[in-house]
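Working notes for the structure below.
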Amino acid sequence: MDYANSLYLTGPEVFLSVSGLILTLLAAWGGRPSARYTTILAVAALFGAGALTAQFLINDAYSLGGDAFGGLYRMDAFGSMAKLLIYAAAIGCLIVTPRFFDKGTEYRPEYPLLVVFAAVGMGMMVSAADLMTLYIGLEMSSLASYVLASFARSDGRSAEAGLKYFVLGALASGILLYGISLVYGFAGSTSYPAIRAAFDGGLGTGAMFGIVFVLAGLAFKISAVPFHMWTPDVYEGAPTPVTTFFATAPKVAAIAMTARISLDAFGNQVDVWRQIVIFAALASILVGALGAIGQSNVKRLLAYSSINNVGFILIGLAAGTAAGTSAMLVYLAIYVAMSLGSFVAVLMMRDAAGNQVESIADMAGLSRTNPMLALCLAAMMLSLAGIPPLFGFWGKFVVFQAAVEADLVVLAAIGIAASVIGAFYYLKIVKIMYFDEPAEVVTGKSDLSHWAVLAICAIVVSPLGYLATKPLGVLADRAAAALVFAG
Amino acid sequence: MGGFPILSAMLLVPLVAAMACLLVRAGTARSIALVATLLNLALGIALWANYDIGGAQWQFTERHEIFQGFSYALGIDGIALLLIVLSVFLMPICILASWESIQKRVGEYMAAFLIMELLMIGVFAAQDMFLFYIFFEAGLIPMYLIIGIWGGANRIYASYKFFLYTLLGSVLMLIAMLWMVNASGTTDIPTLMNYDFPVKAQTWLWLAFFASFAVKMPMWPVHTWLPDAHVQAPTAGSVILAGVLLKMGGYGFIRFSLPMFPEASAQLMWVIFVLSMAAVVITSLIALVQHDMKKLIAYSSVAHMAIVTVGLFSFNVQGLEGSMIVMLSHGLVSGALFLCVGVIYDRLHTREIDRYGGLSINMPHYALLFMLFTMASVGLPGTSGFVGEFLSLAGIYKVSTTVTLVCTTGIILGAAYMLYLYRRVAFGEQKNADAAAMSDLNLREWLMLGPIAAAVLWMGVYPESFLAPMRKDIAALDARLSRAAPSGDAHLVAGEPKAEAANAMPEGVGEHEATAEGAH
């Protein structure tokens, strides 16, 4: 086994792990005052890992990808693209965090550390070519996430969110492990190519159960219906920057991981898992849309919105084609910008005393008290609803295009008709901000770092985003090609 | 125009102006909007002047491959040309109409209107199906904001209804478009207009497009968003809604449904006929009992749009030409009627018909113009309404005499409710002192209504100016449809033309004018 090559191919993870360990030492000696520097260094580490990953993605010498550590880990364009999205989301979340905690004394250097270690885990998840690697990566990112969810120690809701996330996450891990053991039992291996080969001839009932359990465990991680119940509670309770993180980076990782395992390990049994994915997709779209209507807390509403979006992404997976996978990645990229933007906008809403404003009713008339913030948030909402000319439409467009090309016209028609229900509550936010009389609650000033992240997201989401369709499409196609024809 | 990208320029002017409006104060925003719309009007006139009648089918084409999956392709034929000219003609009038009545958030208001103008021109000029869809759908956002922010008391409900109704209609069309592109391998509208889809698939595709266009049109029974939206929208919003947005449905039928799915169109013609007949009679009767002026005109719009749809699905040249003229005429006339309502609404702040009366005494100029537009709406010869309705009904007569009979009834009912409205508002005694004290039109209102009056008369007296640019395109569409055209029940037989006119005197002296002068 060529360790040098393996270490090189896992470069981003190795680099991030080492950076994380160094940061741990810095944090241990520096104590709380070092929080700010640790954050800056963590952002730098993520940028470094991103640069390594980008080099793998762009350099033609790596276009075929490569296996590391005897097939436990696979470096390819698919993983690299997912990792870039994860790092970008993590950087965005880290940038907005310190100022959020400024008022209290809760911000600690552990926070950026946990984000870095979560990023390592997520990188492993999307690059795993073996069920063991997958599980280790998943647990690594999950453990970091549990701690992050309860990071606001003095806030009861945050502690509750952390506990709920932990208990339900452990349950999901159990289900996943059970599925993995069944798959291993019937395939005789945990490596994706070996599972694919073993399942080539057909599936026994036991193996099918294995697939169902694996997908159920993964559905929890991507908060697809019917395993979505934790999402609104955790999103509401966790501190807003943490929610921003949860809605973006781990979601990309979990979806990319699901895509890889479905298309690679179970790639020749598409018909077996397709109906599960179709059900989860439609149910997520519907539950996400209907559940959001009655919400009065904007973070809960965005939680349902993320469930809704997962449904659309799963339609791309249901297509089971290269075009579908590419569409998923395009959607994910746009989704990261939209979620990051909307959560940062929520994060910026503070009352005169500097407290967070989370009630939707308090956002009334925001367009007159804070027009720029209202404009950006309205753009995010309409984009999430998929109304052209905002860029969110493009994500839905490619996903449905892939579904139609894969002859899933009925699925596409139902899915897109259900998206109209979702449009209702996005419109409600716009209505409250633009049509209602000002409630004069949101008056606090926002930090430059928040504005910067929001502005970048707003530019991506604006019609200018369409200029990126070509490069984005080329990248996503290359990533999808690496996956679907692998093994 | 030597390669000058005039269509892109027409899109760019309102975009730049809209950005500018967001940043400046109210007074400046008004001026910027007016200048920008006038500039676009000038470009529109240049477009018309440079349009080569009888030349290439698609002119002023531009194409840039800057997107994945679709291209930035613009180009117009005669049909699109006239609708673009209608849009740019109405825009400055809308800005003038909002000059004084809009006092809050003026910059945003003007920006929304300018974006609206951009999107309308984009819809008519797009030559790529997905580009069309983006423009088509994007119009929802500014219109939602216009109704919701500057609308009347019940604006929230109306804005939701408008948005969700039209969105549901359009998303199914998107799926149909994706299927078509997947099957044909192109997004180019001119190519698709000559692409033969399998007849079985056509039915489904037609229905999906129908779902979108029927809501936009709007056809009975999915028209209910329109009266709500109209009543709650500010005057200029109503003008744009009635004048141009409703035409997107008709344009959709003429650009997509008919040429792309001729067989399905013939097969499902009866759906259109039944719904249109129902619309003409039912909405006319509803209009008859309205107390709100805007609502009355909104219902009359539904009835007029039904004449458009029957004309479109008559599969012959008269019907198609007639429908186009009805669309243009209705754009002008209903726009003008909403402006007339706006004029007196600005003075008395009510649209209740009973609050007015005898306006011809204190507002004679207003009463005169209002009379002209009422007559044009009724379809009096000499006005634009007559030309369109006559041609449409002549076209549909060749297909179904029954449909013609029912639709003509609608025109009689139309005369009833419009004349009844006019009598209650302009004639009779001056019941209310405040209504009696209202002043006549000021210069700004003359500038709004005068040009429309001139255009209405022009179209009524010499429709050839408007028919000529689209003659070739209509003929091409008719040729495309001929293979599916139904035989009809009229069985018209062309007779031998007589050597001399029917009213010729034996000696050829004392020439008698055969015009309908007694109609007044």
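Computed from the coordinates by the stated procedures, all read-outs in this text should not be read as laboratory data. Remember, predicted model here, so these are calculated numbers, not experimental data. Glycine also receives a Cβ, built like all others from the backbone with ideal geometry; neighbour counts cover every protein chain displayed.
Within chain B, the selection of entire DSSP H helices by a Cα span of 24 Å or greater along the long axis and an average Kyte-Doolittle value of at least 1.6 returns B:6-23, B:78-97, B:106-125, B:269-288.
If I fit a long axis through the Cα atoms of helix A:322-347 and take the longest principal axis of the Cα atoms of chain A, what angle between them do I get, 0 to 90°, rounded to 10? Its long axis makes an angle of about 20 degrees.
Calculate the mean, over all residues of peptide A:387-394, of how many other protein chain Cβ atoms lie within 10 angstrom of the residue's Cβ.
Numbers: counts 9, 14, 10, 3, 0, 0, 6, 5.
Per residue, the number of nearby Cβ atoms from other chains is 6 on average.
In chain B, helical runs assigned H by DSSP with n ≥ 4 each contribute -39500 (n - 2.57); averaged across all residues and rounded to the nearest 500, the mean residue ellipticity at 222 nm is -22500 deg cm²/dmol.
Based on DSSP H segments of at least four residues, each scored -39500 (n - 2.57), chain A has a per-residue ellipticity at 222 nm of -25000 deg cm²/dmol.
Mind checking the full-extension length gain between A:GLU437 and A:ILE293? Use 0.36 nm per residue of separation minus the Cα-Cα distance, one decimal, nm. It would help to have the intermediate numbers written out before the result.
On the way: separation 144, 0.36 × 144 = 51.84 nm, distance 2.11 nm.
Net length gain for the segment: 49.7 nm.
For Cα pairs less than 8 Å apart in space and 6+ apart in sequence, what is the mean separation divided by the residue count of chain B, i.e. the relative contact order in percent? About 14 percent, as a whole number. Ordering B:ASP77, A:ASP351, A:ASP67 from the fewest to the most neighbouring beta carbons within 10 Å gives A:ASP351, A:ASP67, B:ASP77.
Placing +1 on each Lys and Arg Cβ and -1 on each Asp and Glu Cβ, with no other charges, gives the protein assembly as shown a dipole about its Cα centre of roughly 1860 debye.
What is the dipole size for the range B:314-392, taken about its Cα centre, with +1 at each Lys and Arg Cβ and -1 at each Asp and Glu Cβ, in debye to the nearest 20? Walk me through the intermediate numbers first.
Working: 3 positive and 5 negative charges, 35 e Å.
For the range B:314-392, the charge dipole is close to 160 debye.
Quickly rank A:120-127, B:373-380, B:8-15 as a protection proxy: mean count of other C-beta atoms within 10 Å, highest first.
Details: A:120-127: 28.1, B:373-380: 24.8, B:8-15: 19.4.
Packing proxy ranking, top to bottom: A:120-127, B:373-380, B:8-15.
Peptide A:397-407 has a mean shielding of 4, counted as Cβ atoms of other protein chains within 10 Å of each residue's Cβ. Annotation: amide H of B:GLN127 within the under-5 Å range of B:ALA73, B:LEU74, B:GLY75, sequence separation 5 or more or interchain, hydrogens built in the peptide plane.
Of the residues B:GLN318, B:ILE254, B:ALA266, the one whose Cα sits farthest toward the positive end of the charge dipole of the range B:191-340, with +1 on the Cβ of Lys and Arg and -1 on the Cβ of Asp and Glu, is B:ILE254. Look at the dipole of the protein assembly as shown built from charges on Cβ: of A:SER145, B:PRO92, B:LEU368, the Cα furthest out on the positive end belongs to A:SER145.
Taking the longest Cα principal axis of chain A as reference, the axis of helix A:469-484 is set at about 40 degrees.
Could you calculate the FRET efficiency of B:HIS365 with B:LYS104 from 1/(1 + (r/R0)^6), where r is the beta carbon distance between them and R0 is 25 Å, rounded to 0.05? Walk me through the numbers before you get to the answer.
Values: r = 30 Å, r/R0 = 1.20.
Working from the Cβ atoms, E equals 0.25.
Here are some pairs, A:LYS221/A:LYS251; B:LYS216/B:LYS398; A:LYS396/A:LYS431; A:LYS221/A:LYS396; which of them have Cα atoms lying more than 19 Å apart in this structure?
Working: A:LYS221/A:LYS251 7 Å; B:LYS216/B:LYS398 27 Å; A:LYS396/A:LYS431 23 Å; A:LYS221/A:LYS396 22 Å.
Going by Cα-Cα distance, B:LYS216/B:LYS398; A:LYS396/A:LYS431; A:LYS221/A:LYS396 fall outside the 19 Å limit.
Here the range A:1-146 is assigned +1 on the Cβ of each Lys and Arg and -1 on the Cβ of each Asp and Glu. Its dipole about the Cα centre then comes out at about 620 debye. Scalar couplings 3J(HN,Hα) for the range A:310-317, obtained by applying the Karplus form with A = 6.51, B = -1.76, C = 1.60 to θ = phi - 60°, are 4, x, 5, 5, 5, 4, x, 5 Hz; x denotes Gly and Pro. Per Stokes-Einstein, at 25 °C and 0.890 mPa s, what whole-number D in µm² s⁻¹ belongs to the protein assembly as shown, with the Kirkwood radius over Cα pairs as the hydrodynamic radius? Diffusion coefficient, whole number: 80 µm²/s.
Packing order of peptides B:338-347, A:333-342, B:475-484, highest average first: A:333-342, B:338-347, B:475-484 (average count of other Cβ atoms within 10 Å over each peptide's residues). Taking a ≥ b ≥ c as the square roots of the eigenvalues of the Cα gyration tensor, an a/c ratio of 1.5 or more together with a/b no larger than b/c marks the range B:73-164 as oblate.
Over all other residues within a Cβ to Cβ distance under 10 Å of B:GLY107, the charged ones net out to +2, with Lys and Arg as +1 and Asp and Glu as -1.
Do you know the relative contact order of the range A:11-131, to the nearest whole percent, from alpha carbon pairs under 8 angstrom that are 6+ apart? List each step's numbers first, then the result.
Details: 148 pairs, mean separation 46.1, N = 121.
Result for the range A:11-131 is 38 percent.
So for chain B, taking the charge dipole from beta-carbon charges (+1 Lys/Arg, -1 Asp/Glu), which of B:PHE124, B:TYR356, B:GLY382 sits furthest toward the positive end? It is B:TYR356, whose Cα lies furthest towards the positive end.
Distance from the alpha carbon centroid of the range A:272-306 to that of the range A:1-62 works out to 35 angstrom. How tilted is helix A:205-221 with respect to the longest principal axis of chain A? Cα atoms for both, answer in degrees (0 to 90, nearest 10). With rounding to tens, the tilt is 20 degrees. Just so you know, the averaged projected area of the alpha carbon convex hull for the range B:104-152 sits at 3.2 nm².
Judged by the mean number of other Cβ atoms found within 10 Å, the most tightly packed of the peptides B:158-168, A:361-371, B:385-395 leads the ranking B:385-395, B:158-168, A:361-371. Between the alpha-carbon centres of the range A:413-464 and the range B:363-402 there is a gap of 45 Å.
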